[in-house]
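Asks: First, the structure itself, so that you have it in front of you.
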Amino acid sequence: MTRILKIETTPIQGQKPGTSGLRKKVKTFKEPHYLENFVQSIFNAVGGMEGATLILGGDGRYYNREAIQIILRMAAANGVDRVVVGQGGLLSTPAASCLIRKRKAKGGIILSASHNPGGPEEDFGIKYNSDNGGPAPETITNAIYAESQNIREYRVTDTADIELSEIAEFTIGAMTVEIVDPVKDYRKLMKTLFNFKKIKKLFKNGFRLRFDAMHAITGPYAQDILERKLGAPKGTVINATPLEDFGGHHPDPNPVHARDLFDVMFGPDAPDMGAASDGDGDRNIVLGRGIYVAPSDSLAVLAANAHLAPGYENGLAGVARSMPTSCAVDRVAAEVGMPCFETPTGWKFFGNLLDAGKATLCGEESAGTGSDHVREKDGLWAVLLWLNILAERQESIQEIMKAHWRTYGRNFYSRHDYEAVDSTAAGNLMATLEAKLSSLPGQCFEGETIKSADNFAYNDPIDGSSSTAQGIRILFESDARVVFRLSGTGTEGATLRVYLERYVSDPVEFDTETQVALERIITAADQIAGIRSHTGRSEPDVIS
Ligand code: VG1
Ligand code: CO
């Protein structure tokens with residue numbers, strides 16, 4: 001007989017979801033009641049789970065399995081009817097989104113701290129997605145936080161752990177636990193969007209891809225789809241086994257953490273294409289032989305060419321990008337005559353536009369692109385769309401990029417991250433900058449005159465909600481731009497992100513190295529915000 005235990009608890013400070021869920025050190029999540037308080041707060045915030053279907057899975061990082069067992073017991077005690085769990089407790093973020101939609105679930109819980117490192121000393125995370133498959137909007141994340149500040153009790157059954165390793169069905173009290181193949185439904189969806197035959201032929205004709213799964217969740221998905229279904233040679237997917245600590249690395253596909261891939265792609269005998277994804281499989285980077293495709297450029301190229309893939313052959317309704325993402329995609333939208341929306345950072349802000357059919361493709365500078373096929377960014381999807389485009393155009397990635405810049409001009413773009421900065425110092429930098437925003441227009445730095453300066457606020461055109469203080473943006477008369485934001489995903493001190501952009505239309509400049517092309521803007525950014533003096537740093541930790 002299953003017993004439901006009502007455990008008394010008290011609110012725990014700091015359970016406020018950030019840009020993408022709640023992320024803390026594993027040690028924090030393991031503290032008594034920590035995970036339970038937050039999960040019960042989710043259930044309370046969404047009006048209870050009685051009779052609901054819930055999707056559950058994670059990126060396989062340390063503490064994934066334990067957390068799943070706890071959440072299963074809590075789900076049963078909260079009246080959930082059915083939980084669909086990825087085999088081994090694994091589900092990539094886009095696959096979880098796909099399942100929520102397919103199963104018409106009330107929502108999903110995704111266990112991941114995405115690109116943050118994993119292991120006993122590192123990070124864990126938990127995120128709730130709504131019935132549209134997308135990250136819960138701010139109304140819900142705010143309600144979860146409010147619940148966490150008032151919680152007095154959570155519910156859990158007294159049952160044993162469930163076996164997660166086999167595809168099977170179990171029960172906990174009245175609740176069914178269904179263990180499913182984490183890849184199957186996702187693969188089916190990809191088949192409806194892309195021309196698998198053409199991509200297969202591409203590989204058959206000798207096209208060489210190197211996909212670095214970074215010992216994270218995408219490994220099983222990429223091996224299944226790229227190697228087994230599309231015929232890419234065995235070994236195309238490297239670091240394919242998900243590991244609890246990602247092999248000791250950050251599963252963040254950027255030039256620092258995916259260094260090996262960059263070395264191969266810029267080295268002798270490089271393959272035709274390089275790609276990598278992150279911890280939970282929603283990010284992607286793409287490289288060609290001797291060229292890195294900046295994620296903002298990737299979004300623009302995909303927007304300009306998506307119609308070459310069957311899933312998008314009727315064109316796009318519109319596109320959307322986060323505010324700090326470069327304006328390259330805006331130029332494509334203007335040319336095609338489709339709307340281009342600018343949202344705050346974080347995928348949750350795209351959900352309404354996608355649901356309303358206003359945008360088909362969305363993207364962020366942080367290596368995230370996706371479409372209305374799910375409600376998350378999707379790393380492998382982006383790689384497949386690139387492959388479909390390459391199969392149709394029969395040109396190299398270099399050639400495609402150069403042709404794109406010739407048509408639209410080039411938005412040189414880079415993000416400088418200053419990590420684990422003292423939180424007070426970072427706060428002071430932002431406050432000082434904010435205080436002088438109104439005096440900045442007209443001032444000149446490094447030959448660049450400031451046209452406007454503000455802290456970005458967003459009014460959602462669909463539900464009318466508003467979100468303020470989403471990043472300070474400085475626009476120059478030349479259309480160059482600097483944006484300053486503090487990260488909402490870090491777990492140590494503050495991370496200052498400085499986003500730099502400069503538009504160039506003269507083809508003579510297209511081959512300039514990005515940091516060189518942005519030199520004046522980089523210097524101007526420091527003069528305007530006093531990055532060095534506030535943070536005490538002379539160099540960013542990560543340049544992407
Ligand atoms: C970062 C990125 C943002 C992304 C978020 C979640 O947020 O900048 O674009 O949506 O991570 O991505 P922040 O607040 O640290 O800048 V993922 O792949 O880590 O879920
Ligand atoms: Co991610």
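The values are calculated or read from the model by the stated rules, or taken from the named source; none is laboratory data. Treat the numbers as computed from the prediction; the structure is a model and nothing was measured. Note: ideal-geometry Cβ built from the backbone for every residue, glycine included; neighbour counts use all protein chains shown. To get the accessible areas, we keep the full protein, side chains included, count just its heavy atoms, and leave off ligands, DNA and RNA. Shrake-Rupley method; radii C 1.70, N 1.55, O 1.52, S 1.80 Å.
Asks: With unit charges on the beta carbon (Lys/Arg positive, Asp/Glu negative), name the residue among S277, V293, L261 whose Cα is farthest towards the positive pole of the charge dipole of region 250-293.
Replies: V293
Asks: Using the Kirkwood radius built from alpha carbon pairs, what does the Stokes-Einstein equation give as D for region 453-493 at 25 °C and 0.890 mPa s, in µm² per second? Please report the intermediate quantities before stating the final value.
Replies: Working: Rh = 12.1 Å.
In µm²/s, the coefficient is 203.
Asks: Using alpha carbons only, how many angstrom separate the centre of region 271-313 from the centre of region 222-241?
Replies: 17 Å
Asks: Positive end of the charge dipole of the chain (Lys, Arg +1 and Asp, Glu -1 on Cβ, about the Cα centre): tell me which of G47, V504, I144 has its Cα farthest that way.
Replies: Among G47, V504, I144, the one farthest towards the positive end of the dipole of the chain is G47.
Asks: If you don't mind, there's one more thing I want to ask. Give, rounded to the nearest 20 debye, the magnitude of the charge dipole that region 148-265 has about its Cα centre when Lys and Arg contribute +1 at Cβ and Asp and Glu contribute -1 at Cβ.
Replies: Approximately 1280 debye in magnitude.
Asks: Moving to a separate point now. Please get the size of the charge dipole for region 328-394, origin at its Cα centre, with Cβ charges of +1 on Lys and Arg and -1 on Asp and Glu, quoted in debye to the nearest 20.
Replies: Approximately 60 debye in magnitude.
Asks: Could you point to the residue in S487, H404, L429 farthest towards the positive end of region 360-492's charge dipole, with +1 and -1 charges on the Cβ of Lys/Arg and Asp/Glu respectively?
Replies: H404
Asks: Continuing with this model, one more query. Given the chain, what percent of its DSSP beta bridges are antiparallel, to the nearest 5? Show your work: numbers first, answer last.
Replies: Values: 63 of 91 bridges.
The antiparallel proportion sits near 70 percent.
Asks: For the chain, what class follows from the C-alpha gyration tensor (a ≥ b ≥ c being the square roots of its eigenvalues): rounded when a/c is under 1.5, otherwise prolate if a/b is larger than b/c, else oblate?
Replies: Since a/c reaches 1.5 but b/c is at least a/b, the shape of the chain is classed as oblate.
Asks: Going by amide H atoms built from the backbone, whose H comes under 5 Å of the H on G118, apart from near neighbours?
Replies: HN-HN under 5 Å from G118: D123.
Asks: Another question about this same structure. What number, rounded to the nearest 500 deg cm²/dmol, is the helix-based mean residue ellipticity at 222 nm of the chain, given -39500 (n - 2.57) per DSSP H run of at least four residues and division by all its residues?
Replies: Calculated from helices alone, the mean residue ellipticity at 222 nm is -9000 deg cm²/dmol.
Asks: Check each of the trypsin sites (Lys or Arg not before Pro) in region 201-260 and keep only those in coil by DSSP with at most 15 other C-beta atoms within 10 angstrom; list them in order.
Replies: Loop-located and lightly packed - R208, K234.
Asks: Could I ask something else about it? May I ask you to give the solvent-accessible area per residue for the chain, in square angstrom, as obtained with a 1.4 angstrom probe?
Replies: Numbers: 20470 Å² over 544 residues.
Per-residue value: 38 Å².
Asks: Can you work out ³J(HN,Hα) from phi for every residue in region 435-450, in order, using Karplus 6.51 cos²θ - 1.76 cosθ + 1.60 and θ = phi - 60°, giving whole Hz and x for Gly and Pro?
Replies: Couplings: 5, 9, 3, 5, 8, 6, x, x, 6, 10, 10, 6, x, 10, 8, 7 Hz.
Asks: Within the chain, what whole-number % of the accessible surface is contributed by carbon and sulfur, with the 1.4 Å probe and all protein chains included in the calculation?
Replies: 47 percent
Asks: Explain nothing, just compute: Karplus ³J(HN,Hα) = 6.51 cos²θ - 1.76 cosθ + 1.60, θ = phi - 60°, for every residue of region 351-364 in order, whole Hz, x for Gly and Pro.
Replies: Using θ = phi - 60°, the values come out as x, 4, 5, 5, 4, 7, x, 7, 10, 9, 10, 9, x, 10 Hz.
Asks: Continuing with this model, one more query. Amide H to amide H, which residues 5 or more places from F445 or on other chains are under 5 Å from it, using H placed in the peptide plane?
Replies: Answer set, sorted by chain and number: I450.
Asks: Then there's this: Which of the residue pairs K24/K188; K6/K127; K198/K348; K106/K204; K16/K436 have a Cα-Cα distance greater than 31 Å in the structure shown? All intermediate terms of the calculation are to be shown ahead of the outcome.
Replies: On the way: K24/K188 34 Å; K6/K127 24 Å; K198/K348 33 Å; K106/K204 42 Å; K16/K436 29 Å.
Pairs exceeding the cut-off: K24/K188; K198/K348; K106/K204.
Asks: Using θ = phi - 60° and the Karplus relation 6.51 cos²θ - 1.76 cosθ + 1.60, list the HN-Hα couplings for region 525-535 in order, rounded to whole Hz, with x at every Gly or Pro.
Replies: Whole-Hz 3J(HN,Hα) from phi for region 525-535: 4, 5, 5, 6, 9, x, 4, 4, 5, 6, 8.
Asks: Shifting gears a bit: Calculate the dipole size of the chain relative to its Cα centre from +1 charges on Lys and Arg beta carbons and -1 charges on Asp and Glu beta carbons; express the result in debye to the nearest 20.
Replies: For the chain, the charge dipole is close to 1180 debye.
Asks: Would you please give the FRET efficiency between A334 and A160, computed as 1/(1 + (r/R0)^6) with r the Cβ-Cβ distance and R0 = 45 Å, to the nearest 0.05? Let's see the in-between values first.
Replies: Numbers: r = 59 Å, r/R0 = 1.32.
Computed FRET efficiency for A334 and A160 comes out at 0.15.
Asks: List the residues whose amide H sits under 5 Å from the amide H of L90, counting only those 5 or more places along or on another chain, with H placed 1.01 Å from N in the peptide plane.
Replies: Answer set, sorted by chain and number: G58.
Asks: Provide the net charge surrounding V329, with neighbours chosen by a C-beta distance below 12 Å and charges set as Lys +1, Arg +1, Asp -1, Glu -1.
Replies: Neighbour charge sum, excluding V329 itself: -4.
Asks: Just to be sure I follow the definition: excluding the sites themselves, where is the longest run in the chain that has none of the GluC sites (Glu not before Pro) in a DSSP loop with at most 10 other Cβ atoms within 10 Å?
Replies: Details: sites that count: E163, E166, E313, E513.
In short, 314-512.
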